[in-house]
Every structure is written in C-alpha cells, then in structure tokens.
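The values are calculated or read from the model by the stated rules, or taken from the named source; none is laboratory data. None of the values given here were measured: they were computed from a predicted structure. Because the Cβ atoms are built from the backbone with ideal geometry, glycine has one as well, and the counts that use them run over all protein chains shown.
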Amino acid sequence: MDEQKDFSFQAPRGMRDVLPLVASNWRYVEQVLARSFQMAGFEEIRTPLVEKEDLFVRSLGEATDIIEKEMYQITAKGEDAEKLVLRPEGTAGVVRAYLEHGMQVKPQPVKLYYLGPMFRYDRPQAQRFRQFHQAGVEVIGDGGATTDAELIALLWKILRDLGLSNLTIQINSIGEKTSRKKYLEKLLEYFEPYKVDLPEEDRKRLKGNPLRILDSKSPQVQKLLEEAPQIVDYLTSEDLRHFKDVLEFLDDLEVPYDLNPFLVRGLDYYTHTVFEIFGKEAGAQSALAGGGRYDYLMEMLGGPKTSAVGFAVGVERLIHEMLTQEVAIPETTLRPKVIVISLGDAAKKLALKMEAELWREGIPTTSAMGKESIRAQLKLANKQNIPFALIVGQKEALSGSVILRDMIDGVQETIALKKYLDLIKKKLAV
C-alpha cells in the first residue's frame, strides 16, 4: 500500500480558487455585466495583464498607495528586462491601447468595456484580495456632463437589475486644475497647525499629495475634516456648472445620490465628477463600484487632450453583497441531462459514439466509463441528479439496442438503438 503523503501546496496568500459551485455565481454576474454594457453601446476590449510600470506611475501618481506599496512587480529577462507589473487597475491600460492603436481616428466617443483580474500587493483583508476582478467601462472623447450622469445611471440600473437594494451613491466634484490649486492652498493652510501631531502616513500625504488626506482612515484626521474647507466652495464657475448639470440630470433620471464633499477617489488622473456606490456597509474599503471623469489622462500618457469618463465594479464585492442581501442568483451551470452507462469494450465503443451524437444535438451528456460496474455508474448519476441514463452492455451492443432508464422513478425500457435519440429529445422536449 502506498504511503500517504502530506500535500503542502496552497494558493498564494491573498489569492483564492473559485470552485465550481461559486463559479456559477460569477458567471451569472459577468454575463449580466457584459450584456448590460453591450446594450449601452460598449464594445469589449482585452488588455494584457502585464504592463510597463511607468504607465501606472504616470497615470496614477507616484504619491498613491498603489504606486508606493501595492504594485506587483515582475522581473523580466533578456531583451524584456524592463520594469513590468501586473495591472493594478483597468483604465490606464485601456487608454494606452486607445493611443497605441490610433482609436482617435474612430468616430468619437469610443465606448469600451473590460472584465478581468487585477493585482495589488496589499495586505489581504475581508473581501480584499491580491488578485481581484473588475468590470469597467470607459467613454473616451466626450466631455459632457450628460455622459457623467449617463454612466452613473447605467451603473445604478445594473446593480438594481442584479437584485441589490439599500444602495447609496456618493458623489462629489474635484474640479479642474485651477479649482484644485486654490483648494489645496486652503487645505494645507487649515492643516498646518495640526501637522506635527498627525500620523506619519498623513504627514506624507500632505507633503506628496494633499488631496489624499481626505481619504485618511485616522479618527484624528476624520475629526479634523469636520471643520475642514470643502472643495465645492473653491470650484470655478465652469466647474460648478458642470457639477450642477450632472446633479440635475441625475434628478431627472430619478437616480438618488448623497453629496460627499470629501470624496476624491485618490488617483491623480481624476477631474470633475467622482462617485462611489456602497451596499449595506458604507466605508472606504466596502465600495462596490466607483469612477469619475479623467480629462487629463490622455495627455499624461503622451496623447492629445481628450475628455473621458468611466467606472469600475468589483466583482468579488458585488457577489459578496448579493449573498449578504440574500439575492437569489440564477443557476448558470449547464447540468448533464443524460449519462451514458456502459459495460464491456464493445459497449464502451458504442457509448462513446452515442455521447458524441448527443453533444452534437445540444444535449448535455456525461459518462463515467472508467468505472467498471453499472451499479457504480448509476450511483454517480443519482448523486449528480441526472434525469436519464442510457445503458449499454455487451448484450445491447450485439443486438443493436439500448436501455433507457428514468432516474427519477426508476422505470426503464429496452429500445432499438436507432430510436434512442428521438426518444431522448422528446422526453427532454429539445
């Protein structure tokens, strides 16, 4: 008897397997997202999981958590010995592809969507993984407030269509560069007396990217923010008009929202409208989705100034929220309707042909021909709740017949081999 060996391999920390029962939930959510995006005129784009590190340094900003401590760096060899990373988000790669493939010559705006894994080397937490999945959309080449509102309304509809309730949209404007410059001066002036007593991380934020102080989780900073200046008071008339238009369009669409004057999204490429959607648990780490306008990103990557706006949805968080709210998730797995059972070499050859024929007819079919007894194969059919079994033994193989067994009531009949397909299709109403 072989000695039992200890199995020590596990998925890397912060990553996990999606097992078959759970994968059905993922497939349903991904199907709804993709169909909803396509219904709204978006085309799918698939960018590499690996990008040049500088793409994100330029677009996200060096003084962000992603760049400072969350990048998954890759060591390349030979001619490719350049700094590469596993993509931490989707927008920068989509914009890079837009520029690289000359999409600016297409009719504008260009509407693209993506769905796939992202990577951040962060400390794993509840519903926060090092490999996670996002679905997102980007509208490139449109600077209108109507598009901001359109995307928020689309996202709201998708989440509602998935059966979610108790949702909250938080929205803010961080304006253009002129507005932010005036605001940051006032923000730094406000925090100056408190700076020496702030946590080290927040002191770094004030020095490198002051706007990110608004994202602080420190209770001390949160208390100070209650009296801090608000960016909406420093928006230029043009920026304020854009924001008011967005809110008026959302009101017309009857999409509810809460104004959050301290919502900034924390990445350098954002301008004007920023927003996040929360489920039952509101908090910085529990947003189901978020996005905003990014009119400078194209320039930051070396292209012409091009207006753009988009959002991303966290697939893991979305599914977790659906389970938390006890949303009934439809089954998407195609379960076998027929099992072909065989015993003996001649019967197995016939069974293989029957199985292939059933597949061609679009009938989900399985087998367990490695099991050497009909009883064991029938037992498997019962465990998998397969409604019909086609049984072929040596006798049936020689006589050109097959046994059709109803696995629910146990009734079975012997029929001519040439008739089995029509009878199965009739019973399954195919």
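Tabulated data for the structure shown
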| quantity | calculated |
| --- | --- |
| Lone unmet requirement of (1) surrounded by fewer than 16 Cβ atoms within 10 Å (Cβ to Cβ); (2) among the acidic types (D, E); (3) more than 28 Å from the chain's Cα centre (by Cα) for E299 | (3) |
| Per-region count, region 1-50, residues crowded, with 16+ Cβ neighbours inside 10 Å, among the hydrophobic types (A, V, I, L, M, F, W, C) and over 23 Å from A92 (Cα atoms) | 3 |
| Index of the failed condition, G136 passing every other in (1) part of a loop (DSSP other than H, G, I, E, B); (2) buried (at least 20 other Cβ atoms within 10 Å of the Cβ); (3) among the small types (G, A, S) | (1) |
| Residue among K348, K337, K353, K371 that alone is modelled with pLDDT of 95 or more, surrounded by 15 or more Cβ atoms within 10 Å (Cβ to Cβ) and not small (G, A, S) | K337 |
| Residue in region 214-229 that is in contact (Cβ under 8 Å) with a residue 60 or more places away in the chain, small (G, A, S) and under 24 Å from I277 (Cβ atoms) present | no |
| Single residue of region 272-314 satisfying the filter (under 27 Å from K177 (Cβ atoms) and among the basic types (K, R)) that is modelled with the lowest pLDDT | K305 |
| Test: residue in region 181-198 that is touching a residue at least 24 places away in the same chain (Cβ under 8 Å) and either within 28 Å of L288 (Cα to Cα) or assigned to a strand (DSSP E or B) (or both) | no |
| Any chance A376 is surrounded by 12 or more Cβ atoms within 10 Å (Cβ to Cβ), farther than 15 Å from P336 by Cα and either of a type in the set (K, R) or in the same structural domain as D345 (by TED's automatic domain parsing) (or both) | yes |
| Identity of the residue in region 96-120, touching a residue at least 40 places away in the same chain (Cβ under 8 Å) and part of a helix (DSSP H, G or I), that ends up farthest from R317 (Cα to Cα) | Q104 |
| Some residue of region 237-253 being among the hydroxyl-bearing types (S, T, Y), surrounded by fewer than 16 Cβ atoms within 10 Å (Cβ to Cβ) and at pLDDT 95 or above | yes |
| G90 among the small types (G, A, S), surrounded by fewer than 23 Cβ atoms within 10 Å (Cβ to Cβ) and out of contact with any helix residue (DSSP H, G or I) (no Cβ under 6 Å at 6 or more places or on another chain) | no |
| Count of region 342-364 residues which are aromatic (F, W, Y) and either under 13 Å from M407 (Cβ atoms) or part of a strand (DSSP E or B) (or both) | 0 |
| Any hit, region 195-217, residues being within 32 Å of the chain's Cα centre (by Cα) and either in the same structural domain as A92 (by TED's automatic domain parsing) or surrounded by fewer than 13 Cβ atoms within 10 Å (Cβ to Cβ) (or both) | yes |
| Residue list for region 24-59, restricted to those being of a type in the set (A, V, I, L, M) and without any contact (Cβ under 8 Å) to a residue 12 or more places away in the chain | M39, V57 |
| Condition met for A289 (touching a Pro at 6+ places or on another chain (Cβ under 9 Å) and either at positive phi or in contact (Cβ under 8 Å) with a residue 60 or more places away in the chain (or both)) | no |
| Matching residues in region 375-430 - criterion: being within 46 Å of the chain's Cα centre (by Cα) and small (G, A, S) | A376, A381, A389, G410, A429 |
| Number of the condition not met by Q170 [criteria: (1) in contact with a Leu (Cβ under 7 Å, 6 or more places away or on another chain); (2) over 25 Å from E254 (Cα atoms); (3) not in a helix (DSSP H, G or I)] | (2) |
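This table checks each residue for (1) in contact with a Phe, Trp or Tyr (Cβ under 9 Å, 6 or more places away or on another chain); (2) of a type in the set (A, V, I, L, M, F, W, C); (3) under 27 Å from K244 (Cα atoms).
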{"site": "Q170", "(1), (2), (3)": "yes, no, yes"}
{"site": "G175", "(1), (2), (3)": "yes, no, yes"}
{"site": "S179", "(1), (2), (3)": "yes, no, yes"}
{"site": "Y183", "(1), (2), (3)": "yes, no, yes"}
{"site": "E189", "(1), (2), (3)": "no, no, no"}
{"site": "E192", "(1), (2), (3)": "no, no, no"}
{"site": "V196", "(1), (2), (3)": "no, yes, no"}
{"site": "D202", "(1), (2), (3)": "yes, no, no"}
{"site": "L206", "(1), (2), (3)": "yes, yes, no"}
